[in-house]
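The values are calculated or read from the model by the stated rules, or taken from the named source; none is laboratory data. Since the model is a prediction, treat every value here as computed from it, not as a measurement. Every residue, glycine among them, receives a Cβ derived from its backbone with ideal geometry; neighbour counts consider all protein chains shown. Please note that ligands, DNA and RNA were not included when accessible areas were found on the heavy atoms of the full protein model with its side chains. Shrake-Rupley method; radii C 1.70, N 1.55, O 1.52, S 1.80 Å.
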Amino acid sequence: MTSEELLEKWDRCARDSDFPMLDNANHPLSCCKVSLYQEERKWALFFEIVGFTSCAMNDIYAYGSGFDKEGLVMS
């Protein structure tokens, strides 16, 4: 997958509301961690987002070459 194809894929995910929104006014951001793991042609990218409204929230988004489902995997 080329970098352009990957960016197009993430744009589609964002349109479907399945990509992290760091500027979401409904969920003020407390902190965000981005982790990238790579081994030759396999890779995984994780976004962990901690925010707060009336309670704390922790969302984890996962993207990569070995996932059956990409996007929000835990909330």
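Here are the numbers for the structure shown:
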read-out	value
Mean separation of Cα contacts under 8 Å (6+ apart) over length of the chain, as relative contact order %	22
Principal semi-axes in Å for the chain [√(5λ), Cα gyration tensor, largest first]	24, 14, 10
Highest to lowest packing among 10-16, 23-29, scored as the average C-beta count within 10 Å	10-16, 23-29
Charge dipole (debye, nearest 20) of the chain; +1 at Cβ of Lys and Arg, -1 at Cβ of Asp and Glu	160
Per-residue ³J(HN,Hα) for segment 23-33, Karplus 6.51 cos²θ - 1.76 cosθ + 1.60, θ = phi - 60°, Hz, x for Gly and Pro	10, 6, 5, 7, 9, x, 7, 9, 7, 9, 10
Cross-link partners of K9 among lysines (Cα-Cα below 18 Å; sequence separation of 8 or more within a chain)	K42, K69
Accessible surface of the chain, 1.4 Å probe, proportion on carbon and sulfur as whole %	52
Neighbour cut-off at most 12 other Cβ (10 Å), DSSP loop, GluC sites (Glu not before Pro), the chain	E40
Per residue value of the accessible surface for the chain (all protein chains in place, 1.4 Å probe), Å²	76
With Cα atoms, 0 to 90° folded angle of helix 3-15 axis to the chain main axis	30
